[in-house]
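The values are calculated or read from the model by the stated rules, or taken from the named source; none is laboratory data. What you are looking at is a predicted structure, and each value in this text was computed from that prediction instead of being measured. Neighbour counts run over all protein chains shown; Cβ positions are idealised from the backbone, glycine included. Accessible surface areas use protein heavy atoms only, side chains included; no ligands, DNA or RNA. Shrake-Rupley method; radii C 1.70, N 1.55, O 1.52, S 1.80 Å.
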Amino acid sequence: MLRGPLPGELGWIVQRNGALYAAEYGWDVEYEGLVARIVADFAEDHDPRLERVWIAELDGRPVGCVMCVRETDPATARLRLLLVEPSARGHGIGDRLVSAVIGFAREAGYRDLVLWTNDVLSGARRIYQRHGFVLVAEKPHRSFGQDLVGQDWRLDLRGAGT
């Protein structure tokens, strides 16, 4: 089931991103700080007509999340913080979360949906590709205690449905 966050679950998003990416990729506390800023910005100032958070629930507990937030360009939305717990992977939850963002962004009137990720996140990249996102830029960087390759992806929301 996909739903909005319950009290305390914005904190869960921060905690699970920090813990999971440390365990799976060796990322340091810098990543958790980034996630905390993203979540705090949303909590302090979001327009529910244009921005949303989804929590994926399985067996009564949160197992995934994603956000859709507005960009400076009013025609563009940004997909952020896609996460699926390892125990819940393989059930199509990531696909459902991304589909929810795409559908919401279209209904809200956005023309483009963008996201930034890193090349090591191959499972997430496969989900984005299945939904029609196109890689538009790559750039090596040092972040989160690792040497990474950042990637910018874009989806034209005026195209065919996913």
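Restricting attention to the range 41-52, the residues that are open to solvent by less than 40 Å² (accessible area, probe 1.4 Å) and in a helix (DSSP H, G or I) add up to 1. Filtered by the rule that a residue be open to solvent by less than 40 Å² (accessible area, probe 1.4 Å) and either touching a residue at least 60 places away in the same chain (Cβ under 8 Å) or under 17 Å from the mean Cα position of the chain (by Cα) (or both), the range 139-148 gives Ser143, Phe144, Gly145. Filtering Arg89, Arg78 for residues that are closer than 21 Å to Ala36 by Cβ and without any contact (Cβ under 8 Å) to a residue 40 or more places away in the chain leaves a single hit, Arg78. Name the residues in the range 125-142 that are among the basic types (Lys, Arg) and in contact with a strand residue (DSSP E or B) (Cβ under 9 Å, 6 or more places away or on another chain), would you? The answer is Arg125, Lys139, Arg142. One residue stands out in the range 104-138 among those that are acidic (Asp, Glu) and either in contact with a Cys (Cβ under 9 Å, 6 or more places away or on another chain) or part of a strand (DSSP E or B) (or both): the one that is least open to solvent (accessible area, probe 1.4 Å), namely Asp112. Remark: Glu57 falls outside the filter, which requires a residue to be in a strand (DSSP E or B), acidic (Asp, Glu), open to solvent by 70 Å² or more (accessible area, probe 1.4 Å) and in contact (Cβ under 8 Å) with a residue 12 or more places away in the chain.
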